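One structure below.
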Ligand SMILES: NC(=O)c1ccc[n+]([C@@H]2O[C@H](COP(=O)([O-])OP(=O)(O)OC[C@H]3O[C@@H](n4cnc5c(N)ncnc54)[C@H](OP(=O)(O)O)[C@@H]3O)[C@@H](O)[C@H]2O)c1
């Protein structure tokens, strides 16, 4: 076993899988979590293990407080420490607000915002005991600037940014750094229905981001950014400049 453990929620595919593999390359044992896609989770675990570190996948719904706290405590018990937490699990349920039903509002808030609360609570306890830790929350540029058709998602991601800044202030004295990353358009299952060529025309770097672009930023915040806390790092190819 390695001396450091990273926990990546929603690590089965997309950005989370790339983050998990990048942290494995940096020498972390990596636990990933997922909601239901067991095949993708197992594939990511195999890829992580092939880099020579330990890995395992745990299935739970981050929006379910009881289930999440139970499984996260099992993980803490098994590994004895958590050095890095990446709150990455997320969903979209897009639609204009006029027609946005309560189920679609609740699903996004409960997963993207309350999910981070559910996972982070038990982990902060062990990080405080360790007097060491890094927490990275996956926000979105939509949480900073808003987006028509994503009132639920923007509200959750703006909430994540406030959560990040508040935790950074609360936990700094325990040597725990808390930052958010706000990706622009990244090529994953979440964005596969969009017209990527048309979107790329509006991005100064003229391409959508790849999950690895986000993963490298996570690694930087964990390993190099030792004096950075409470920040929102926009990784968007210049879209919001
Ligand atoms: N892609 C973008 O352009 C973009 C831009 C800005 C921000 N983000 C944010 O980046 C994060 C990752 O996005 P992505 O594009 O990589 O998404 P994705 O490809 O759709 O993957 C979502 C991941 O979250 C997991 N997940 C979803 N609901 C969950 C739940 N209730 N409980 C536990 N796990 C759950 C999924 O597990 P299963 O595989 O089991 O379904 C999967 O691992 C999200 O927070 C998203 O909001 C993405």
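The values are calculated or read from the model by the stated rules, or taken from the named source; none is laboratory data. Note that this is a predicted model, so its numbers are computed, not measured. Glycine gets a Cβ as well: all are built from the backbone with ideal geometry, and neighbour counts include every protein chain shown.
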**OP:** Say whether the condition of being closer than 22 Å to residue 127 by Cα, exposed (fewer than 15 other Cβ atoms within 10 Å of the Cβ) and away from the ligand (no atom under 13 Å from the Cβ) is met by at least one residue in the stretch 47-55.
**Re:** no
Original post:
How do the helices (runs of 4 or more DSSP H) wholly within the stretch 1-91 filter down when requiring 1 or more residues that are closer than 22 Å to residue 175 by Cα: which remain?
Top reply: 14-25, 65-79
**OP:** Look at residue 89 and say whether it is within 28 Å of residue 149 (Cα to Cα) and either surrounded by 19 or more Cβ atoms within 10 Å (Cβ to Cβ) or free of Cβ contacts under 8 Å to residues at least 60 places away in the same chain (or both).
**Re:** yes
**OP:** Identify all residues within the stretch 201-217 that are within 11 Å of the ligand (Cβ to nearest atom), in contact (Cβ under 8 Å) with a residue 60 or more places away in the chain and assigned to a helix (DSSP H, G or I); write none if there are none.
**Re:** 211, 214, 215
**OP:** Specify the residue that is surrounded by the most Cβ atoms within 10 Å (Cβ to Cβ); the eligible residues are those in the stretch 134-151 that are assigned to a helix (DSSP H, G or I) and near the ligand (Cβ under 10 Å from one of its atoms).
**Re:** 143
Subject >> The one condition in (1) surrounded by fewer than 21 Cβ atoms within 10 Å (Cβ to Cβ); (2) more than 14 Å from the ligand (Cβ to nearest atom); (3) over 24 Å from residue 166 (Cβ atoms); (4) touching a residue at least 12 places away in the same chain (Cβ under 8 Å) that residue 131 fails to fulfil >> reply: (3)
Original post:
Cβ-Cβ below 8 Å, separation at least six or inter-chain, first residue in the stretch 9-25 and under 13 Å from residue 188 (Cα atoms) and touching a residue at least 24 places away in the same chain (Cβ under 8 Å), second assigned to a helix (DSSP H, G or I) and within 6 Å of the ligand (Cβ to nearest atom): which pairs?
Top reply: 10/16; 12/40; 13/40; 13/189; 14/189; 14/190; 17/40
Original post:
Based on what the data block shows, is residue 27 more than 11 Å from the ligand (Cβ to nearest atom), out of contact with any helix residue (DSSP H, G or I) (no Cβ under 8 Å at 6 or more places or on another chain) and either modelled with pLDDT of 95 or more or within 17 Å of residue 119 (Cβ to Cβ) (or both)?
Top reply: yes
Subject >> Only listed residue being touching a helix residue (DSSP H, G or I) at 6+ places or on another chain (Cβ under 9 Å), free of Cβ contacts under 8 Å to residues at least 40 places away in the same chain, within 26 Å of residue 37 (Cα to Cα) and assigned to a helix (DSSP H, G or I), chosen from 154, 116, 107, 158 >> reply: 154
Original post:
Any residue in the stretch 177-188 that is within 14 Å of the ligand (Cβ to nearest atom) and out of contact with any strand residue (DSSP E or B) (no Cβ under 8 Å at 6 or more places or on another chain)?
Top reply: yes
**OP:** Select, from 72, 62, the only residue that is within 16 Å of the ligand (Cβ to nearest atom) and under 20 Å from residue 28 (Cβ atoms).
**Re:** 72
**OP:** Answer with yes or no whether residue 42 is within 14 Å of the ligand (Cβ to nearest atom), free of Cβ contacts under 8 Å to residues at least 60 places away in the same chain and surrounded by fewer than 16 Cβ atoms within 10 Å (Cβ to Cβ).
**Re:** yes
**OP:** May I ask you to verify whether residue 89 is within 14 Å of the chain's Cα centre (by Cα) and farther than 19 Å from residue 177 by Cα?
**Re:** yes
